[in-house]
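Remarks on the structure that follows.
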Amino acid sequence: MQPPLKILCVEPYTFSPGHPRWFATELCEGLGRRGHEVTLVTFGNVLEEGVEGSRPFSVIDVAKENTLTRFLGWGSPVRGNLRSAAGFRRLYWDLRTFPPAFRMATQQAYDIVHCLDWHPVTLWWSARLFSGWRCGGRTAMAGTLHHLGRLARGKDSFLGMSIRYYRRALASLVQEYMQAVFVLDETLRAELIERLRLPRQHHGKIVLVPHGMDTGEPPYGRSEARRRLGIDGDERILLLAGVLRRDKGIDVAIRAMEEAGSCRLYIVGAPFDCDVEELRALIRARNCESSVILDPRYLAEDEMQDYILVCDALLLPYRKTFRGQSGVVAHASRYARCVIASDVGAVGNIIRQFGFGFTVEPESPEKLRDAIRKFLDLTARERLEMESKAKLAAQSYSWDEMCRRIEEVYYRCTGARGCVKGLQG
């Protein structure tokens with residue numbers, strides 16, 4: 001039996017809404033339950049919403065409460081709907097999080113540092129800064145890549161840095177510093193290898209793992225959630241939830257709602273790089289004021305849960321550039337909700353595999369509208385069958401299974417970490 005590992009997980013964005021916090025806490029809890037000593041380093045702490053009892057991991061908050069921290073936090077005067085503001089936030093969070101985390105790794109003999117979300121340039125700077133420390137021993141390094149980001153868009157607006165530096169930093173991290181890069185989608189793995197022109201000896205570092213899904217039962221049902229949010233119990237609801245980004249195809253969803261049928265679309269979440277006023281103007285231009293509700297604000301975990309529970313189906317109209325898996329799909333599976341999504345990456349694959357929704361051609365309002373109409377025409381029995389298939393997906397891709405696979409890779413990394421630079425301790 002393998003000995004327990006001392007693991008340092010780093011996630012600068014756990015205080016931001018949606019997926020970053022959820023992914024980090026679920027992963028750390030799963031690894032902690034497997035007997036490992038897990039520490040999560042983050043900026044702004046981990047909110048305790050919905051947490052029962054003590055967590056099997058420790059949290060270190062590197063943020064100091066000051067005016068700048070409050071100014072750059074979610075819900076602050078600097079809104080995330082301007083790309084420059086969002087880029088400055090990420091730079092600030094990264095540089096306040098990764099250097100202290102790497103300093104801890106070099107001083108306290110962690111077996112592995114797992115960076116859960118990161119910008120390649122700032123992580124590369126931090127790794128280079130601390131790779132030269134010499135106190136004896138080495139710490140392995142791994143990362144999770146959720147999407148290709150600027151590589152997929154072919155340009156980079158992050159504080160004026162060109163795509164060339166983004167690519168070089170990412171390639172250097174994969175080839176020189178990281179023993180493993182976890183991806184949640186096979187198409188993302190293939191595209192990463194191709195775009196970075198990775199030599200064959202590094203292909204094995206790119207490891208496919210399933211996105212974890214929570215199999216726990218919700219605390220209450222649809223009717224109670226609708227009462228809590230003040231939504232008519234007979235109204236059919238579609239939901240587009242989470243951080244509002246351009247690559248999520250929000251404009252496509254609004255266009256699809258024109259003459260879609262008797263339903264209402266709720267778009268809820270904190271804006272990141274989309275222009276809220278442009279979305280409002282599009283809603284007016286398409287005469288969708290009564291059928292589209294735009295609520296661009298940070299939602300607490302329990303309120304986000306209520307929105308998922310009240311809806312009849314979730315919309316994921318992602319653009320063609322999207323690669324990876326979606327945390328919203330995992331939520332849909334847990335709460336037995338149907339999904340109408342673009343046929344991109346692992347999102348389309350899992351919906352087709354288990355049959356709990358419809359997949360459509362990306363960036364096509366017409367195809368999305370047709371799928372919405374098909375869903376609205378389902379009989380009660382057909383909807384129940386889809387919802388049962390969603391629960392089956394959650395049972396097949398549990399967090400326990402994801403953590404087990406990641407654990408296997410950790411042991412492989414710690415056994416071979418002397419082959420590359422790593423973080424010298």
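Output yes when any residue across region 194-213 is in contact (Cβ under 8 Å) with a residue 24 or more places away in the chain, outside the structural domain of Pro317 (by TED's automatic domain parsing), in a helix (DSSP H, G or I) and surrounded by fewer than 19 Cβ atoms within 10 Å (Cβ to Cβ), and no when none is. Checked region 194-213: at least one residue is in contact (Cβ under 8 Å) with a residue 24 or more places away in the chain, outside the structural domain of Pro317 (by TED's automatic domain parsing), in a helix (DSSP H, G or I) and surrounded by fewer than 19 Cβ atoms within 10 Å (Cβ to Cβ).
Conditions tested, residue by residue: (1) modelled with pLDDT under 85; (2) touching a strand residue (DSSP E or B) at 6+ places or on another chain (Cβ under 9 Å).
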site: Arg153; (1), (2): yes, no
site: Asp156; (1), (2): yes, no
site: Ser172; (1), (2): no, no
site: Gln179; (1), (2): no, yes
site: Arg195; (1), (2): no, no
site: Val207; (1), (2): no, yes
site: Met213; (1), (2): yes, yes
site: Ser223; (1), (2): no, no
site: Arg227; (1), (2): no, no
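Only a single criterion out of (1) over 28 Å from Asp343 (Cα atoms); (2) in contact (Cβ under 8 Å) with a residue 60 or more places away in the chain is not satisfied by Arg227, namely (2). Highlighted here are the helices (runs of 4 or more DSSP H) found entirely within region 322-391 that include at least 2 residues which are closer than 27 Å to Glu303 by Cβ and under 24 Å from the mean Cα position of the chain (by Cα): 327-334, 345-354.
Yes or no, residue by residue, for (1) touching a residue at least 40 places away in the same chain (Cβ under 8 Å); (2) closer than 30 Å to Arg90 by Cβ; (3) in the same structural domain as Asp377 (by TED's automatic domain parsing):
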| residue | (1), (2), (3) |
| --- | --- |
| Met257 | yes, no, yes |
| Tyr266 | yes, yes, yes |
| Phe272 | yes, yes, yes |
| Leu279 | no, yes, yes |
| Ile283 | no, yes, yes |
| Ser291 | no, no, yes |
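Here Arg286 meets the list (1) more than 25 Å from the chain's Cα centre (by Cα); (2) among the charged types (D, E, K, R); (3) closer than 30 Å to Ala380 by Cα almost entirely, failing just condition (3).
Annotation: of all residues in region 241-279 being in contact with a Cys (Cβ under 7 Å, 6 or more places away or on another chain) and modelled with pLDDT under 90, the one that is surrounded by the fewest Cβ atoms within 10 Å (Cβ to Cβ) is Arg246. Pro365 passes every criterion in (1) outside the structural domain of His146 (by TED's automatic domain parsing); (2) modelled with pLDDT under 95 apart from (2).
Any residue that is without any contact (Cβ under 8 Å) to a residue 24 or more places away in the chain and outside the structural domain of Arg21 (by TED's automatic domain parsing) - is there at least one of those in region 333-346? Yes: region 333-346 contains one or more residues that are without any contact (Cβ under 8 Å) to a residue 24 or more places away in the chain and outside the structural domain of Arg21 (by TED's automatic domain parsing).
With respect to (1) hydrophobic (A, V, I, L, M, F, W, C); (2) within 23 Å of Phe182 (Cα to Cα); (3) without any contact (Cβ under 8 Å) to a residue 24 or more places away in the chain; (4) surrounded by fewer than 24 Cβ atoms within 10 Å (Cβ to Cβ), the lone exception for Phe358 is condition (2).
The values are calculated or read from the model by the stated rules, or taken from the named source; none is laboratory data. If you're wondering where the values come from, they're calculated on a predicted model, not measured in any experiment. Positions of Cβ are backbone-derived with ideal geometry, glycine not excepted, and every protein chain shown enters the neighbour counts.
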